[in-house]
Amino acid sequence: MDTTPLDDLAARAHDTHVVVVGGGIAGLVAAFACAKVGIRVTVLEASGRLGGAIRTAEVGGMRADLGAEGYATRGGAVRALVEELGLIDAVVPTVPRAEWIAGLPGGSLPFPAATLRGIPENPWEQSVRRVIGWRGTWRAYVDRVRPPLTIGQERSLGKLVRTRMGELVLDRLVAPLSLGGFLIHPDEVDVEVAVPGLGAALTRTGSLAGAVSSLLDSARKNDNDSARKSDSARKSDNDSARKSDTAAGDRLEGIDGGMSRIVDALHERLRTLGADVRVNSPVAAVEAGTGGRWMLRLDATGVLSSAPSTIAAAGTDDAADTAAAGTIDAADIVILATGAEAAYKLLHEVVPSLEPTPITDLEVVTLVVSSADLAAAPARTAAYPVTGTAVAASVTDSTARWPWMLPDADTRVLKVTFGGRGVGPATAALEDRAAAALALAEASALLDVPLAATQLRASRRDRWAQPPPISALGRRDAAAAARTAIHAVPGLAVVGAWVAGTGLAQVVPDALAEAERVRRLTLWAGADERA
């Protein structure tokens, strides 16, 4: 048990300077966790806004999330953060998922419900048979009579599905979901990361369909057990959570008014705690200084160290860009919270074993359309095309997912994604009008609803650089190796999607864990032990 006097701990925290490079959600969460215990924190964001992949803006009079629209409730870390920030009354559930598959020979169809990463529990079920046809159904049935695989024999999801159930299940169910929802082909997906326990269940049950059924049954049982809780237990557990009525184990929540409210609340808390939050402050170099401290060279001036000044901007597009002072005090600990490319650029000389992370370039075109036909069509929260049948990777209807966005019956906010692993965005070389026209045409085709240019109220385009999902083959080990290498250098830490995995449900708890490590080193370790 630690017996360090509280006054000594407070003094140690106050005398420690932590610099967070990157003002996305991971950096802000880590900064907040450090600032709460009295550590002096500076946040340096290269762009003119905070939030990273969380960005809310006005498009055609509609307030829309351009990046992350919500978060998975698994683990509870994001919900706990939202509650701590005083936003629990703004939490809203998504509507039940209504995903469709486009580009099928007979036209678009709803995605079958009883699947796991697109693998069907029962290939004879009508909704599955309609998608893969009789030939696909009979081929999938072979799975039941093939010898079971041993655990770990096949790690590639695509190869596993192809071997057990055939090409039609892979091409019409598993691949559209994987490429449209996760931007990665199933051949590159690690089975045990994407669907933990699937290999063991396959060995136990003797078939892939049996394995899926076993895992889905467990999820349903957990949901039923939760539903049977007493009213008082459910009140303390779930009232503020406002769980959505989605499929087993797949609950999503968002924030009324946009996810940038989380960014704004974090920013305000950091200001209240005395943190120095700066935008327009790109870091050009992180260099070892004297006494185990770190010097950060900013692009604007090339100056390594001087007195700090506090300049901050909110996370929404409503905030004006602000120019930050070009100098920064030396840091005792640097938390890298940038994207993978920037992290490699800043650290590869001080962490020689660090390897570059492959990045996928995406472009998302947000469309605001007025269409009575679209409003009257079957609900579709997302549509994913069969490979080779569309230019876009997916289209999502944000207004179908989040009821708080609906201003009237006919207005819809559609997000059309272009690009993917090894495939550049088809809109990359287009000017804005042409990009919007292509996005409108793709949305019309994928949603099976005619959409004319006269129905387009507004559009905007955003570019994103996305790391591979943690479920990509070898990605979890690569991320762990990168973090181990960075931790081996005293005074360095790292957070963000490229080491934690994409999605707030992975990024937030990872940032909290890394911040706890920094706090532990700051408060209970000597300067020579900070590693």
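The values are calculated or read from the model by the stated rules, or taken from the named source; none is laboratory data. Source: prediction; values computed, not measured. Ideal geometry is used to build each Cβ from the backbone, glycine not excepted, and the neighbour counts take in all protein chains shown.
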Of all residues in region 27-78, how many are of a type outside the set (A, V, I, L, M) and under 30 Å from residue 285 (Cβ atoms)?
15
Within region 101-198, which helices (runs of 4 or more DSSP H) (wholly inside it) include 1 or more residues that are within 31 Å of the chain's Cα centre (by Cα) and aromatic (Phe, Trp, Tyr)?
175-182
Taking the options 80, 68, name whichever one is part of a loop (DSSP other than H, G, I, E, B) and under 18 Å from the mean Cα position of the chain (by Cα).
68
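Just checking, how many residues over region 34-56 are hydrophobic (A, V, I, L, M, F, W, C) and in contact with a Leu (Cβ under 6 Å, 6 or more places away or on another chain)? Spell out how you get there, then give the answer.
To start, the set of residues in region 34-56 that are hydrophobic (A, V, I, L, M, F, W, C) comprises 34-35, 37, 39, 41, 43-44, 46, 50, 53-54.
Narrowing the set further to residues that are in contact with a Leu (Cβ under 6 Å, 6 or more places away or on another chain) leaves 35.
Within region 34-56, residues that are hydrophobic (A, V, I, L, M, F, W, C) and in contact with a Leu (Cβ under 6 Å, 6 or more places away or on another chain) number 1.
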Only one residue in 37, 92, 18 is surrounded by 24 or more Cβ atoms within 10 Å (Cβ to Cβ), of a type in the set (A, V, I, L, M) and either part of a strand (DSSP E or B) or at pLDDT below 95 (or both). Which one?
18
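State the number of residues belonging to region 401-421 that are more than 20 Å from residue 58 (Cβ to Cβ) and touching a residue at least 40 places away in the same chain (Cβ under 8 Å). If you could, list the steps in order and put the result at the bottom.
Within region 401-421, the subset more than 20 Å from residue 58 (Cβ to Cβ) is 409, 417-421.
Checking which are touching a residue at least 40 places away in the same chain (Cβ under 8 Å) leaves us with 417-421.
The total comes to 5.
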Test set (1) surrounded by fewer than 21 Cβ atoms within 10 Å (Cβ to Cβ); (2) more than 25 Å from residue 397 (Cβ to Cβ); (3) of a type outside the set (Gly, Ala, Ser); (4) under 23 Å from the mean Cα position of the chain (by Cα) - residue 50 fails condition number:
(1)
Residue check, residue 379 against (1) without any contact (Cβ under 8 Å) to a residue 60 or more places away in the chain; (2) surrounded by fewer than 19 Cβ atoms within 10 Å (Cβ to Cβ), all met but one. Which one?
(1)
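Checking the conditions here, which among 31, 113, 64, 68 is outside the structural domain of residue 386 (by TED's automatic domain parsing) and buried (at least 18 other Cβ atoms within 10 Å of the Cβ)?
Values: 113 fails: buried (at least 18 other Cβ atoms within 10 Å of the Cβ); 64 fails: outside the structural domain of residue 386 (by TED's automatic domain parsing); 68 fails: outside the structural domain of residue 386 (by TED's automatic domain parsing).
None of the other options fit; the residue is 31.
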Test residue 364 against the stated conditions and say whether it is at pLDDT 95 or above, over 20 Å from the mean Cα position of the chain (by Cα) and β-branched (Val, Ile, Thr).
no
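When you look at residue 491, is it without any contact (Cβ under 8 Å) to a residue 60 or more places away in the chain and at positive phi, yes or no?
Details: without any contact (Cβ under 8 Å) to a residue 60 or more places away in the chain: no; at positive phi: yes.
When the stated conditions are applied, residue 491 does not pass them.
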If I filter region 124-139 for residues that are within 18 Å of residue 206 (Cβ to Cβ), buried (at least 22 other Cβ atoms within 10 Å of the Cβ) and touching a residue at least 24 places away in the same chain (Cβ under 8 Å), do I get at least one hit?
no
Output for region 341-353, where each listed residue is under 16 Å from residue 468 (Cβ atoms) and of a type outside the set (D, E, K, R):
343, 344
